[in-house]
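Below is one structure, written out as structure tokens; the observations come after it.
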Amino acid sequence: MTLFICAHLCLNLYVFMNQYSSIHEREYEMHLKEATFSPIAQTKQNFVPIRIETRGMLKNYYGYLPYWTDTTYYQYFQMELLTHIAYFSVDIDPATGNLGGIPNAARFYKICNYGHDRGLRIHMTYTIFNNSNVTTFLNNAMARSNAINNIRNFMTNYGIEGANIDFEFVTSAVRDSFSKFINDLANTLWTHPSGRKELYMATPAVPEWYPGYNVSYLSTYSDGLFIMAYDYHWSGSSTAGPVSPCIPSSFWGQYCAAKTIGSYKSYGANSSKLILGLPYYGYDWPTQSQNIGSATTGTGSAVIYYYAFQNAITYGRLWDSYSLTPWYRYYSSQWHQCWYDDSVSLDIKYGMVNDSMLQGSGCWALGYDVSYDHIWNAIRRNFWIEPPTRHFTVEVNIDDLNVHDGPGTEYKILTTAELGSKFVAFDYYYNWYKVYFPSRSGPYYAWMSGGDGITNQFMKGTTQNTILRVYVDLLNVREGPGTSYPVITQITDGQVFVADSFNSDWARIYLQTINNYTKGWIYHPYTNIIQNPEDDNTYDCNLLELTYPSTVQELDTFSVALKIKNTGFGPFDSLVYLKGSNKSPFYNATTWLDTTRAGTSGFPGLPSQTYYISAIFKAPDVINPTTVSDTFQFERKTNLFGPSIIVTVIVNPVAISEQKYQWFTEKIIARTIFTDEIELLLLSPKDFYEIFIYDIQGRMVVKLRINSDKKIKIGKELKSGVYFLVAKIDNKTFKQKIIKIR
């Protein structure tokens, strides 16, 4: 078996480096007979402008739409689950940089209008196939410059949002030229006169085999790398096998989607720029036998998901535990095996996207599932949120916090937000938080840095807020509570903002600074009002450090400090307690909710932040040195979360050593620790004394006026506990904590 795997991998390496052509290229050429090419317009076309984006997606979902996909399939696209559609494709002349015609242009126009009306970003894909053609183009500085100008003009005239570069494949000899081309194109698109345009590109599944792609550099100078995580077994493979294996295995070897993600990261690609592209197709190979790993006897034929799913029902769906993908086999004059992906295997890979904190996922190609909704359901399970699930509120903790259009300081600054402003977030990337942004003034979402929670505390958690979710296409935000006030900006369907106050049917919401306004009024009957959104979220954390004294005196209070990593989706607030046993031995009446719940204080940290919190415990009354312990867990609104926290201390009775301590002033001497009564020795009995004792809750329990006695005893009626003695002698006041132990 090992020999087979090694030989198989070596053969694949040879084929990929010398003979391989991707599914993109093969299908592009196969369908050319169906294409009618229209020349590219040199003037602005009359297209529907993009509607304000109404995405509820945690991640981007980037779908290639081939020119041969009929427009009748568009009705099956669940558009709310897409963020980008890249029409495929316009070719670039390697010798000149001129653009070819648009294949089936009517379909391109249709998806532009259809997608824009539903808030999708439309890209055009620009292709050069064949290593020699790619090399010819990249070695020609004039052709590169011409292509960049042509792509820029295309963006202008067709009013679309970005470009996708699909060069297959770039060799190491032109690595630097490709990087420069992408750099120059990115700068041109990002500074486009009609507004910033996006740049994505298709990149290989196995970057180790294609050193021409400097993935670290390319991820910096682009908005996303669409990893073609398919064709691990391709039409020309010598063995039938998984098109997109999920994980490495002893049978199929190391190359798979999981390794691909790791390889891109190890080569320095930014995770936030990676799109895991996945197949909506499989290959049907003629094979020598029905057995897994069988050699092929001919070229495999691509089978789109729609037909692969039907065939699997007919012939019997099989599941490969090595690659975590489905397949089926049948006999028709000889054995055939078809390996493909379905909603189950794709669901696993979508989980990898979330776990690896990638920008998102995508597919080759839209329409290949026709009317089936299986894959759409998997996308929805993994990437879609229905507000307010996972929504939480954040509060700006510094003056003038920058608001960016991406999760990093390298992204454009949209505006600032002032101290105390509150916003609704639902996702984060490290310590960057994705918040809603007034749609008329910018993108649907923006990003704000929260800081690490210890060194930098740019934002903190805030809870028990009222948030408003818009359910109309556009809602005006006005300067005051009425239609007579000027409009500041607009917010849109699905967006959520924090209410500051209410006035009849009007609500004032927090804004990032828009035209010098940091708040604005909306008509709230056009919104759903949601109280305390974080109550629906999952709370969780990791305990990084636990600090408290190992030995304490009885009835003394002591601090338990905890360093926390927030791994849930709710900010820590005053409702987070440390929940102990039914009657904890460390109960402290001053700071505990009851005998089981210790109140916490500290930085109200956001999801992904690390921060310190603390609780005040009280040592119990003991007769002899005693080891006292209790186990705690975090609790919020009766929901327990986080790890078990064991606090164990040695408690010493005060009578052993502390009872002799004296309190000395110029006018009075007293023991600070007493068992029955406290004895006060008045050093100037001719003076006028007022003696007060307060309990731990600040209530006065003893009041005494003296101007003659030299020695007095008080406090016999008091219960054991901590008190504060205040002595007023003429015009001076003396204070001291005292403890009655029994």
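The values are calculated or read from the model by the stated rules, or taken from the named source; none is laboratory data. On a predicted model such as this, the values are computed, not experimentally measured, just so you know. Glycine also receives a Cβ, built like all others from the backbone with ideal geometry; neighbour counts cover every protein chain displayed.
Residues in the stretch 409-432 that are in a strand (DSSP E or B) and of a type in the set (Lys, Arg): Lys422 only. Taking the listed residues Ile668, Ile706, Ile678, Ile693, the one that is touching a Gly at 6+ places or on another chain (Cβ under 6 Å) and among the hydrophobic types (A, V, I, L, M, F, W, C) is Ile678, with no other qualifying. Residues that are touching a residue at least 60 places away in the same chain (Cβ under 8 Å), of a type in the set (D, E, K, R) and either in a loop (DSSP other than H, G, I, E, B) or farther than 22 Å from Glu27 by Cα (or both) do occur in the stretch 106-120, at least one of them. If you scan the stretch 92-104, which residues turn out to be buried (at least 19 other Cβ atoms within 10 Å of the Cβ) and either touching a strand residue (DSSP E or B) at 6+ places or on another chain (Cβ under 9 Å) or in a helix (DSSP H, G or I) (or both)? Hits for the stretch 92-104 are Ile92, Pro94, Leu99, Ile102, Pro103, Asn104. Here Gly298 clears all of (1) assigned to a loop (DSSP other than H, G, I, E, B); (2) under 28 Å from the mean Cα position of the chain (by Cα); (3) free of Cβ contacts under 8 Å to residues at least 24 places away in the same chain except the condition numbered (2). Among the residues making up the stretch 368-380, those that are of a type outside the set (Ser, Thr, Tyr), assigned to a loop (DSSP other than H, G, I, E, B) and surrounded by fewer than 23 Cβ atoms within 10 Å (Cβ to Cβ) are Val370, Asp373.
Please enumerate the residues belonging to the stretch 308-332 that are outside any helix (DSSP H, G or I) and under 33 Å from the mean Cα position of the chain (by Cα). Answer for the stretch 308-332, where residues must be outside any helix (DSSP H, G or I) and under 33 Å from the mean Cα position of the chain (by Cα): Trp319, Asp320, Ser321, Tyr322, Ser323, Leu324, Thr325, Pro326. Out of Asp320, Asp355, one residue alone is touching a strand residue (DSSP E or B) at 6+ places or on another chain (Cβ under 9 Å) and of a type outside the set (Val, Ile, Thr). It is Asp320.
Only residues that are in a strand (DSSP E or B) and crowded, with 22+ Cβ neighbours inside 10 Å were counted in the stretch 67-91, giving 7.
Quick check: is even one residue across the stretch 5-18 exposed (fewer than 14 other Cβ atoms within 10 Å of the Cβ), at pLDDT 50 or above, part of a loop (DSSP other than H, G, I, E, B) and in the same structural domain as Ser238 (by TED's automatic domain parsing)? No, the conditions are met nowhere in the stretch 5-18. Kindly evaluate Leu680 against the criterion of being in the same structural domain as Ile729 (by TED's automatic domain parsing) and touching a residue at least 24 places away in the same chain (Cβ under 8 Å). Against the criterion (in the same structural domain as Ile729 (by TED's automatic domain parsing) and touching a residue at least 24 places away in the same chain (Cβ under 8 Å)), Leu680 qualifies. In the set Gly241, Gly195, only one residue is surrounded by fewer than 18 Cβ atoms within 10 Å (Cβ to Cβ) and either in contact with a strand residue (DSSP E or B) (Cβ under 8 Å, 6 or more places away or on another chain) or part of a loop (DSSP other than H, G, I, E, B) (or both); that residue is Gly195.
Condition check: of a type in the set (Gly, Ala, Ser) and touching an Asp or Glu at 6+ places or on another chain (Cβ under 6 Å). Does Ser301 satisfy that? So Ser301 passes the test. Do you know which residues across the stretch 553-585 are assigned to a loop (DSSP other than H, G, I, E, B), farther than 30 Å from Asn537 by Cα and not aliphatic (A, V, I, L, M)? Scanning the stretch 553-585 gives Glu554, Asp556, Pro585. For residues that are charged (D, E, K, R) and in contact with a Leu (Cβ under 9 Å, 6 or more places away or on another chain), tally how many sit in the stretch 96-120. Count: 2. Looking at this structure, is Tyr372 among the aromatic types (Phe, Trp, Tyr), assigned by TED's automatic domain parsing to the domain that holds Cys256 and within 31 Å of the chain's Cα centre (by Cα)? Criteria met by Tyr372. On inspection, Phe617 does not qualify as surrounded by 15 or more Cβ atoms within 10 Å (Cβ to Cβ) and touching a helix residue (DSSP H, G or I) at 6+ places or on another chain (Cβ under 9 Å). Total residues in the stretch 160-176 satisfying the condition of being touching a helix residue (DSSP H, G or I) at 6+ places or on another chain (Cβ under 9 Å) and surrounded by 19 or more Cβ atoms within 10 Å (Cβ to Cβ): the figure is 11.
The residue pairs whose first member lies in the stretch 699-722 and is closer than 22 Å to Ala589 by Cβ and assigned by TED's automatic domain parsing to the domain that holds Thr675, whose second member is among the acidic types (Asp, Glu) and surrounded by fewer than 11 Cβ atoms within 10 Å (Cβ to Cβ), and whose beta carbons are closer than 6 Å, counting only pairs six or more residues apart or on different chains, do not exist in this structure.
Here Ser559 fulfils each of the conditions (1) at pLDDT 95 or above; (2) under 23 Å from Lys460 (Cβ atoms); (3) surrounded by 19 or more Cβ atoms within 10 Å (Cβ to Cβ) apart from (3). Looking at the stretch 449-472, is at least one residue farther than 30 Å from Tyr539 by Cβ and polar (S, T, N, Q)? Scanning the stretch 449-472 turns up no residue that is farther than 30 Å from Tyr539 by Cβ and polar (S, T, N, Q).
Being modelled with pLDDT under 90, over 14 Å from the mean Cα position of the chain (by Cα) and either more than 21 Å from Tyr62 (Cβ to Cβ) or in a helix (DSSP H, G or I) (or both) is the filter here; which residues of the stretch 381-408 pass it? Scanning the stretch 381-408 gives Arg381, Glu386, Pro387, Pro388. Evaluate the following for Gly236: is it assigned to a loop (DSSP other than H, G, I, E, B) and out of contact with any helix residue (DSSP H, G or I) (no Cβ under 8 Å at 6 or more places or on another chain)? So Gly236 fails the test. Within the stretch 459-480, the residues that satisfy the criterion of being in a loop (DSSP other than H, G, I, E, B) and surrounded by 19 or more Cβ atoms within 10 Å (Cβ to Cβ) are Thr463, Asn465. Residues in the stretch 177-187 that are crowded, with 18+ Cβ neighbours inside 10 Å and either more than 18 Å from Phe137 (Cα to Cα) or of a type outside the set (Gly, Ala, Ser) (or both): Phe178, Phe181, Ile182, Leu185. Please find, within the stretch 339-367, the residue that is surrounded by the fewest Cβ atoms within 10 Å (Cβ to Cβ) out of those that are in contact with a helix residue (DSSP H, G or I) (Cβ under 6 Å, 6 or more places away or on another chain) and under 26 Å from Thr287 (Cβ atoms). Only one residue fits best here, namely Ser343.
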